[in-house]
1. Arrange the following residues from fewest to most other Cβ atoms within 10 Å of their Cβ: SER82, SER56.
2. Does the stretch 40-89 classify as rounded, prolate or oblate by the C-alpha gyration tensor (a ≥ b ≥ c root eigenvalues; a/c under 1.5 gives rounded; else a/b over b/c gives prolate, otherwise oblate)?
3. Would you pull out the residues with amide H under 5 Å of LEU74's amide H, same chain only if 5 or more places away, H placed 1.01 Å from N?
4. Please compute the length gained on full extension between ILE5 and GLN47, using 0.36 nm multiplied by the number of residues separating them and subtracting their Cα-Cα distance.
5. Which ordering of THR72, THR3, THR78, THR90 is given by a fewest-first count of other beta-carbon atoms within 10 Å?
6. What number, in percent, do you get for the relative contact order of the stretch 40-89 if the mean sequence gap of Cα pairs under 8 Å and at least 6 apart is divided by its residue count?
7. Taking the beta-carbon count within 10 Å as an exposure proxy, list HIS24, HIS2, HIS61 from fewest neighbours to most.
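Read the figures in this text as sums done on the coordinates, not as results from a lab. Since this is a predicted model, take the numbers as computed values, not measurements. We place every Cβ from the backbone using ideal geometry, glycine too, and count neighbours over all the protein chains shown.
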Amino acid sequence: MHTIITQGFTLEQLLEAMRPIIRHELAHAQTAPAVAPASTDDLLTVQQAAALLDVSVATIHEWKRRGLLPYTKLGGRTYLKSADVLAAGTREQRTAKPSRTKGKTGH
């Protein structure tokens, strides 16, 4: 960290000198992500992962909870690598849900 000596400046002079720097940094921060993952194309949200595998969001959360699907938290959001999602989809057996119409006949 750099040391800044402000001796001889009033608070107002210091603030006036810092405003353009802060404006520049804020403008730059809005255009660039705060954390840039190595390859953002490989990262999926939970919803995208569920859609990719045609499973429910609850299934993705269950796989995460059981440790079957590694994930990363960035800025409060959960991201999953597409390769991990596809691997988990091939590992986990999908079972057919029973039909709601159990043996109904036309009688």
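1. Values: SER82 15, SER56 10.
Least crowded to most crowded, the residues run SER56, SER82.
2. On the way: a/c = 1.39, a/b = 1.19, b/c = 1.18.
Note, shape of the stretch 40-89 comes out rounded.
3. TYR79
4. Working: separation 42, 0.36 × 42 = 15.12 nm, distance 5.02 nm.
Length difference between fully extended and current span is 10.1 nm.
5. Working: THR72 13, THR3 4, THR78 17, THR90 8.
Ordered by Cβ neighbours within 10 Å, fewest first: THR3, THR90, THR72, THR78.
6. Numbers: 53 pairs, mean separation 21.7, N = 50.
43 percent.
7. Details: HIS24 10, HIS2 3, HIS61 15.
Ranked by crowding around the Cβ, least crowded first: HIS2, HIS24, HIS61.
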